[in-house]
Structure formats: structure tokens, C-alpha cells
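S.K.: Below is a structure I'd like to ask you about.
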Amino acid sequence: MASESTQGREPVIRIEGLRKSFGKHVVLRNIDFEVMPGEVVTIIGASGSGKSTLLRCINLLETPDAGHVWFHGQDLAAEHVDVNKLREKIGMVFQGFNLFNNLNVLQNCTLAPVTLKKASKADAEAEAMRHLDEVGLADFAKSPVTSLSGGQKQRVAIARALCMKPDLMLFDEPTSALDPEIVGEVLSVMRDLAKDGMTMVVVTHEMEFAKNVSDKVVFMDQGVIAEEGDPRQIFTNPKKPRTREFLSRYLEDKPDQVQEA
Amino acid sequence: MGTTQEAQEPSMEEEKGGLVRFFASDHRYVLLGTSVVALIGMWFSMQPRSSQSFLANAYALEVVMYYALMAWVVVSLVALVTKLVHWRDYQQKSPFAKPAAKHVERICSYVVWLFSAVLFVDRAIMGFVAIVKSAVGSNANPQDFVGGMVYMVYKGRGIFARGIATTIELAVFGTVIAFFLALLLVFLRLQQIDRPDNDFVRFLKVIGCGFAKVYSAVVRGTPMMVQSLIIYFAGFAVLSGSGMSTNDIRAVWSTFVAGLVTISLNSTAYMMEVLRGGIEAVDPGQTEAARSLGLSQWQAMSKVVFPQGIKNSIPALSNELVINIKDSSVLSVIGVFDLMFATTTVAGIYYRQLETYIAAAVCYLILTMVASKLLSMLAKHLDAPAMGPALSSSEVAVTTGIAGSADQTIKVDVDHTEDRVRRGGM
Ligand SMILES: Nc1ncnc2c1ncn2[C@@H]1O[C@H](COP(=O)(O)OP(=O)(O)O)[C@@H](O)[C@H]1O
Ligand SMILES: [Mg+2]
């Protein structure tokens, strides 16, 4: 949907020839990849195929060995780029939530805006309450984060990222640490976010989400992008045997998802 | 009451736990345990009375108590014999196991405890009071051990008070100063090269981290006694190099100031390692989340990681105050008038070393126990993880209790604690 309307515009993220290894272990080999404004891209693939590393290279939590990552046309890999400034525009949601344990829910959301944007505390709190309301947790603003369930924590983490008004949101398996029955509450928040036109890159094993919400699916295999394209095409008629193998194995493991899909 | 229930009683009671319950609830142990108490009471009764004894005026009462205790011991013996004879079906056969009898036994056991306690107070406590009274009123140092000790502590009370005050000042101020210096140092120690840093900042970070490492190694690798001598004489040399007269130097660079500097600088190194352990136990995901929002390394450290790391470190940090109370004793080598110096002074006056040093040990023990108690109350107030055994553990359990993992405990190896405890040995 979004891909047609964004023809000819600048990509939010453009990655070219990205390589990354940990010691001798090559994790990403020659990745090329683009995300247009408003696009929702899901990255799927077996564990260890380099999905997280790719995501973390986008906001430079990992430093690429070679290649370029352009964010709005600015090369992040250049020496002495102010990554802090760039990261303000790139929100990230982690598998393990990573909420600040020393702060309550509201403080989690206002810490970065108050520290970095010099927003007044009142403005930041008003903005944070708006986002907490969006994720359905306004009542928990004063709660310590320890008192929340996993699904609530992840929704706070999403609200916290949104408070910085990011141009791009990265999700690294946001539902993998959650019990199956509460995965839905996080996915529905993400679905709303996609509907509002947020540009998103989502690493996930939720095939139903990948199929129905994303504009593009990227299948990673052993450090390369094995196949990418329209979700309907990938899920119904994958071109590469590796993709077919992965999907069939995946859907076999989770028979309930076959029906949903 | 069914017999099966009766038979199960002991194990159930033990499960509920507690020494008190053990003695109070199980009737066999009421008999046995309380018999020991009764024998102790009888032993006290056989001791000579002191001048302060209040039972001296109530001789009849003491005789009654003595024979009551003896009666209890006899009854217990009978019960024990009955039990040995009927070891198979004791619960049913023995008259001592009847519920009514057990009730009476319980009440009698309380009386036995009361009598023994009265005898203990009369002989032991009032005996000590008598010794104190006579020692305090005495013109010459009493020959007996406790009397001599009390006499010397009393006569030297001004000296001891000054020594204790100095020891407390050194430990408290030293620990507080060291805490802030350690915060600074651990901040340097944990610096990592970050992408936005320019070459100058990178250079500073490398220097800062290296300095912290060297500082920690040198301070923890040398005895505090040697450090205090070096610091004292180095300060003296520097000031006299600037042309001050010896008297002026003594006014500025007193032994107390030199001692405080020593204990602060020394404790800084240990506290830095404690803080480092606590901070490194903080989930790296916390830093990642902070950095992903655009916070700088410094902002992530100061707003997110340090608060959690310091909280993790509170038990081991407060242990440092207890250690400083004890270890400040080595500072007497440069002439700091602390408790150790005061003790040596008093011992020198009366030429009775053993008694005075035992008195000093008691003072140190009281100080450290009070400090531990206050600190654990403070820690509870701050909702920090509970304080472990204050003096002995070589590992400190650091709870990441604030996290979503209140029950998850990370063992942080604070590798120096052991050598720390030994560091002051003279
Ligand atoms: N910090 C790291 N140090 C060393 N190896 C790493 C590190 N991070 C990831 N790896 C390795 O890189 C590979 C890809 O990891 P990752 O990107 O997390 O895969 P995925 O997210 O697809 O499961 C894995 O084999 C993992 O062991
Ligand atoms: Mg991963």
C-alpha cells in the first residue's frame, strides 16, 4: 500500500554493502536494503541469521565493518557523525523491554525528551501521557515498572520510544519474550502505529503480522537477504527454496498460524 | 486428640522452626532444655554473693528458688527414665505426656526460667556492678582482671572518649569522602571510547581509565599502615619545602588530617571496586535502551546505570564503614589519637596491657555492631538489597532487586573483600 504512494521519494533508510563480523564470525555479508517513508518492513529468518545485528546497525548499536547506512541521506558510518542526534529520530523496541528500572512508567517516557530536547517537564509529561493513553496504560503512569506484566512493559517501551517523535521505529522481536496470550496486545499497538503511517522495521516470528501488516517482507538467511518482496508473494509463492523451506518449517511448528494466515 | 497427631507433633513443631518454639512447644525439650537452665540457676545460687546482691536480704526466697530448681531437675529425670522404660509407647503410657500434665509442665518451665534469670541477675550482673563500684571508688588499681579493667577504663575515660570520638570521625568522614571520590573514580574507570568522541576526548578517557586502574592496584596492593606513613611524611616534606616552620606545619598538617586523608584515599580504591561490581551487574540492556533514545554515554550512565549500580552496591559500601572503624586503628602509627592510640596510652600509664587491649576490643566490637545495625536500618529505609554477613564474605550477593526480577540474585565477586578484612593486621 505505502510503497506505491512513496514512489520517487527519499528512502528513510538506505543500506548498501553492509558487512559485519564478530571476530572471525561473519554475521552480515553485503546487505542492501531500503525503507521508504511510511513503509512497514518485516524481517524474518532463522535465529542466528543476523536479523538483530542488521537492526542494530541501523541505529549504530553495532558498528558496521564496511558499507553505508544512510538515514535521510546522511551517512551514519562516516567518522564522527553525531550518532546521539540521529538516534533521537530512530526509536527502538527490544525483545527484553529494557525499561529503566530506577524510574517509574512516566519517568521512563519523559527522561529522554527532558534531557535531550530541553522540553519542560510539564510538556514532556503531557506528551508522555498522550502516548501512554494510546497504548492503554495511562492509569499506570506512576507505577514502578517492576509492577507491570510483560505485555504492559513492552507497550510502555513503545510509548517511551514514541515520546521522542521518531521518524523510524525498529522492533527487535518485540513479542518473543511474551506469553502467547498477551502477544496480541502488543501487536495491536504496533498495528495502530502502522496505520498511523509510522515507518517501521520489525524483526518478528509472528508470520500473521508479517503477512497482513507489512508492506515488504525480508527473509534473511546466514547473513544475507535471501529474498524480499511483497508479503503475499513471499508467503504464497516464495521464489527461493530456502525461503520455502523456512516458511514450511515455521508454519509446521505453529499450525495455528497456518489457519490464521 | 488422636494419637497419630500426637506422635507427629515434634516434627511439625520443628518445621515451624525457631529455637523458642522448640523449647516452648515440645514437652520433652521443655523438660530437658529447661533442666539445663535450672542447673545453671543452681550453679549461680552456689556462687558467693557480692556486696550488691539483693538476694542477700531474702535468704528464704533464695532457698525456695534453689529447691524449686532442684525439684524440676528431679521431675525431669523421672520423666526421662519413664521415657526410656516406655520408649515404644511413651506418648500413651507416660503420665508426663498427658495434655493436662504438659500444660502444667509448660507453666512450671516458665517459672524455672524466671528463677534462673533472677539468680543470674543477682550473681552475674550485680556481681559486675559490685566490681565496678569498688573499682571506681578505689584509690589503687585492683589486682583482679575485671576490676583492673574497669578501674583503668574509668580512670582513663577522658582518653578513651577522645580516642573513640576520633575513631568515629575518621571512619565516618573517611567513608563519606571516599564514597564521593570512588564515584568519580569509577566513572573514569568505566569510560569507553564512544563513536561521537573526538581524539582529545578519547585520549582523556584512556588516561582516566588507566589512572583508575593503577590507583586501585597500588592502593589495594600496599598496606594502609605504610600508606599512612608515606602520606604523613610526604605532606610534611612538601610543606616544609614551601618554607613553613615545623610548628606551622603541625597546625595545618596534623596527624588527624593526615590520617583522614589516608583512610579516605585508601577506602576510595575499595569502594571503587565495589561500585564497579554493582554497576557492571546492571543489565547492559539498560544502557542500550538509553543510548537508543539518543542519550549520550554520560547521560545514560548518570541517569540510568549509576542509580541502579549504586543501589546494588549499598550492602558492600556500608560494609566499608565497618571496615574503616576497625582499620583506622593502624593510623595510630603516625600518632593519630584514635581508640587504638588511647588504649596504648592507658596501657602505658598502668602497665597492664592485656586488660586495656581487651577493653579496646570490646569498644571496637560495640562500635562495629552499632554501625552494622544502623546501616542495615538505613539500607532497609532505602529499599536496598539486604546486607549480608558484614565481615566475612568474599562474595557479595548483589540483588538486582529493582528490576523485573526482584527474586533474581546476581553474585558479584568483590574479590578484594577477603584481603580487605586482613589489611590492618599489625
Ligand atoms: N555481540 C556479539 N558478539 C559475538 N557474536 C555475536 C554478537 N551478537 C550476535 N552475535 C552472533 O551473530 C550471529 C547473529 O546474531 P543475531 O543478529 O542476534 O541473529 P538473530 O537476531 O537473527 O537471531 C549469531 O550467531 C550470534 O551468535
Ligand atoms: Mg535476534
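S.K.: Give the residue from A:G136, B:V304, A:A78 lying farthest towards the positive end of the charge dipole for the protein assembly as shown; charges sit on Cβ (+1 for Lys and Arg, -1 for Asp and Glu) and the dipole is referred to the Cα centre.
M.R.: My answer, from the dipole projection, is B:V304.
S.K.: Under the rule of at least 5 residues apart or a separate chain, name every residue whose amide H is placed under 5 Å from the amide H of A:I43.
M.R.: Those lying under 5 Å, H to H, from A:I43 are A:V202, A:V203, A:T204, A:V218.
S.K.: Here is a follow-up. Run the simple label-point estimate for B:D248 and A:K85 please: 7 Å along Cα→C-beta, distance reported in nm.
M.R.: Inter-label distance under the simple model: 5.4 nm.
S.K.: Treat every Asp and Glu Cβ in chain A as -1 and every Lys and Arg Cβ as +1, leave all other atoms uncharged, and give the resulting dipole magnitude about the Cα centre to the nearest 20 debye.
M.R.: So the dipole magnitude of chain A works out to roughly 520 debye.
S.K.: Of the trypsin sites (Lys or Arg not before Pro) in segment A:10-70, which ones lie in a loop per DSSP and count no more than 15 other C-beta atoms within 10 Å?
M.R.: A:K24
S.K.: Right, another one. Which whole-percent values make up P(r) of segment B:157-390 when all C-alpha to C-alpha distances are grouped in 5 Å steps starting at zero?
M.R.: Computed distribution, short to long bins: 1, 6, 12, 14, 15, 14, 12, 9, 7, 4, 2, 1, 1, 0.
S.K.: What does the structure give for B:279-291 when I average, per residue, the other chain Cβ atoms found within 10 Å of the residue Cβ?
M.R.: 4
S.K.: While we're here: Can you put B:I231, A:I58 in order, fewest other beta carbons within 10 Å first?
M.R.: B:I231, A:I58
S.K.: Here's something else I'd like to know. As a check on your grasp of the helix formula, calculate [θ] at 222 nm for chain A: sum -39500 (n - 2.57) over DSSP H runs of n ≥ 4, divide by the residue count, round to the nearest 500.
M.R.: When only DSSP H runs of four or more count, the value is -11500 deg cm²/dmol.
S.K.: What's the average, rounded to a whole number, of partner chain beta-carbon atoms within 10 Å of each residue's beta-carbon in A:93-106?
M.R.: Counting other chains' Cβ atoms within 10 Å and averaging over A:93-106 gives 5.
S.K.: About its Cα centre, what dipole magnitude does the protein assembly as shown give when the only charges are +1 on Lys and Arg Cβ and -1 on Asp and Glu Cβ, stated in debye to the nearest 20?
M.R.: Roughly 2240 debye, rounded to the nearest 20.
S.K.: Amide H neighbours of A:V93 under 5 Å, counting only residues 5+ apart in sequence or on other chains, H built in-plane at 1.01 Å?
M.R.: Excluding prolines and chain starts, which carry no amide H, the hits are A:L170, A:F171, A:D172.
S.K.: Can you work out ³J(HN,Hα) from phi for every residue in segment B:295-301, in order, using Karplus 6.51 cos²θ - 1.76 cosθ + 1.60 and θ = phi - 60°, giving whole Hz and x for Gly and Pro?
M.R.: 5, 6, 4, 4, 5, 4, 5
S.K.: Amide H to amide H under 5 Å from A:L61: which residues, 5+ apart in sequence or cross-chain, H placed 1.01 Å off N in plane?
M.R.: Residues meeting the criterion, in which the H sits 1.01 Å from N, do not exist here.
S.K.: Hey, what do the phi angles of segment A:225-234 turn into as Karplus ³J(HN,Hα) couplings, whole Hz, using 6.51/-1.76/1.60 and θ = phi - 60°, x for Gly and Pro?
M.R.: With coefficients 6.51, -1.76 and 1.60, one gets 7, 6, 7, 9, x, 4, x, 4, 5, 4 Hz.
S.K.: Quick one: helix A:150-162 against the long Cα principal axis of chain A, what's the angle to the nearest 10°, folded into 0 to 90?
M.R.: 80 degrees
S.K.: Please arrange A:W70, B:W253, B:W298 by counting, for each residue, the other beta carbons lying within 10 Å of its beta carbon, fewest first.
M.R.: Ranked by crowding around the Cβ, least crowded first: B:W298, A:W70, B:W253.
S.K.: How would you rank B:F236, A:F235, B:F180, A:F219, going from fewest to most other Cβ atoms within 10 Å of each one's own Cβ?
M.R.: Arranged by neighbour count, lowest to highest, B:F236, A:F235, B:F180, A:F219 become B:F180, B:F236, A:F235, A:F219.
S.K.: Please compute the modelled spin-label separation between B:A161 and B:F54, points set 7 Å along Cα→Cβ, answer in nm with one decimal.
M.R.: A separation of 2.9 nm, rounded to one decimal place.
S.K.: With N set to the residue count of chain A, report its C-alpha Rg divided by 2.2 N^0.38 Å to two decimal places.
M.R.: 1.00
S.K.: For A:84-92, what's the mean count of beta carbons from other chains sitting within 10 Å of each residue's beta carbon?
M.R.: Whole-number average of other-chain Cβ neighbours for A:84-92 is 4.
S.K.: Let me ask another. Could you give the dipole magnitude of segment B:157-390 about its Cα centre, charging the beta-carbon of Lys and Arg +1 and that of Asp and Glu -1, in debye to the nearest 20?
M.R.: Result for segment B:157-390 is approximately 120 debye, rounded to the nearest 20.
Where a number appears in this text, it was derived from the coordinates with a stated rule and is not lab data. Values in this document were obtained by computation on a predicted structure and should not be read as measured data. All Cβ positions, even for glycine, are placed from backbone atoms using ideal geometry, and neighbour counts span all protein chains on display.
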